[in-house]
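K.L.:
Please find one structure pasted underneath; my questions will follow.
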Amino acid sequence: MKALAAMIAAAVLSRLLLRDAVLTWGATRAEAGGRLPGDELLEDATMVSTRAITIDAPASAVWPWLVQMGVGRGGAYTYDWIERGLGLDMHSADRVIGELQNVDVGDVLPMAPGSSGLRVEIADPERVFALRSEDGRWVWTFVLTESGGSTRLVSRNRAPAPRSVQERIATLIMEPGSLIMERKMLLGIKRRAERLAASCRSSYERENYGRDLRLAHDVAAPVRA
């Protein structure tokens, strides 16, 4: 009997430890346990995931990829073939789409064809982008913190407790699945933002190199009498 109890306790502990790792991939203890902007949009959440990544680019190179997300927009930067297999017509963009950059509070970003989307609740450029499902049962917030030219991107999902056995079973499946998809998304945003920042730096350096070259030429040029 004691052996059985020990096995049950070990299984429960393993599940809790594994679940914590699944729900907090990439996040520090402070990020996972701290309060973030957007939490107030769903105070009674019992299911919370906080995942994060450091991006070697300023927030200005990260923000464009967030605001253009959605079906028929910039996609989700994750496994498109999985999304399409689930009936979501996702096509992840590899460029900043200018016409999708002006997002305002109240706009709804489509996440599935013919179904409800995510309403923009907070759009604080280069700082906070918070979305809430139209039924109010899911809040997804991105928080950007820039320091020394790099950006810490934190993604938090909040949802209430499952209302049925079916929802509990779905949650058990979705939690590890969400890690696979969101990890890919965060890495996809990182790759795109760093490439965008590098491109901007190269353009700036070329422009300034040409300017400096012209200045040097002007200084070195002989003065005509």
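The values are calculated or read from the model by the stated rules, or taken from the named source; none is laboratory data. Computed from a prediction, not measured in an experiment: that's the story for all the values here. Neighbour counts are summed over all protein chains in view; Cβ atoms, including those assigned to glycine, are modelled from backbone coordinates with ideal geometry.
K.L.:
Report, by residue number, each residue of segment 46-79 that is in a loop (DSSP other than H, G, I, E, B) and small (Gly, Ala, Ser). Walk me through it before giving the result.
P.N.:
Filtering segment 46-79 down to residues in a loop (DSSP other than H, G, I, E, B) leaves 46, 56-58, 68-69, 71-74, 76-79.
Ala57, Gly72, Gly74, Ala76, listed by residue number.
K.L.:
I've got another one for you. Pick from segment 6-32 the residues that are within 17 Å of Glu175 (Cβ to Cβ) and of a type in the set (D, E, K, R): which of them is modelled with the highest pLDDT?
P.N.:
Per the stated criteria, the residue is Asp20.
K.L.:
Restricting to segment 103-158, and then to whatever is of a type in the set (Asp, Glu) and at pLDDT below 95, can you tell me which residue is surrounded by the fewest Cβ atoms within 10 Å (Cβ to Cβ)?
P.N.:
Asp135
K.L.:
Please find, within segment 123-136, the residue that is farthest from Met69 (Cα to Cα) out of those that are free of Cβ contacts under 8 Å to residues at least 24 places away in the same chain and in contact with a Leu (Cβ under 8 Å, 6 or more places away or on another chain).
P.N.:
Restricting to residues being free of Cβ contacts under 8 Å to residues at least 24 places away in the same chain and in contact with a Leu (Cβ under 8 Å, 6 or more places away or on another chain), the top hit is Ser133.
K.L.:
In addition: Taking Arg35 as the residue in question, decide whether it is of a type in the set (D, E, K, R) and at pLDDT 95 or above.
P.N.:
The answer is yes for Arg35.
K.L.:
Additional query: Got a number for residues in segment 44-87 being of a type outside the set (A, V, I, L, M, F, W, C), surrounded by fewer than 17 Cβ atoms within 10 Å (Cβ to Cβ) and free of Cβ contacts under 8 Å to residues at least 60 places away in the same chain? Give the derivation first.
P.N.:
Start the filter on segment 44-87 by keeping residues that are of a type outside the set (A, V, I, L, M, F, W, C), which leaves 44, 46, 49-51, 54, 56, 58, 60, 64, 68, 70, 72-75, 77-80, 83-85, 87.
Add one more test, that the residue is surrounded by fewer than 17 Cβ atoms within 10 Å (Cβ to Cβ), and what stays is 44, 46, 54, 56, 60, 72, 79-80, 84-85, 87.
Subsequent filtering for residues that are free of Cβ contacts under 8 Å to residues at least 60 places away in the same chain retains 72, 80, 84-85, 87.
Of the residues in segment 44-87, 5 are of a type outside the set (A, V, I, L, M, F, W, C), surrounded by fewer than 17 Cβ atoms within 10 Å (Cβ to Cβ) and free of Cβ contacts under 8 Å to residues at least 60 places away in the same chain.
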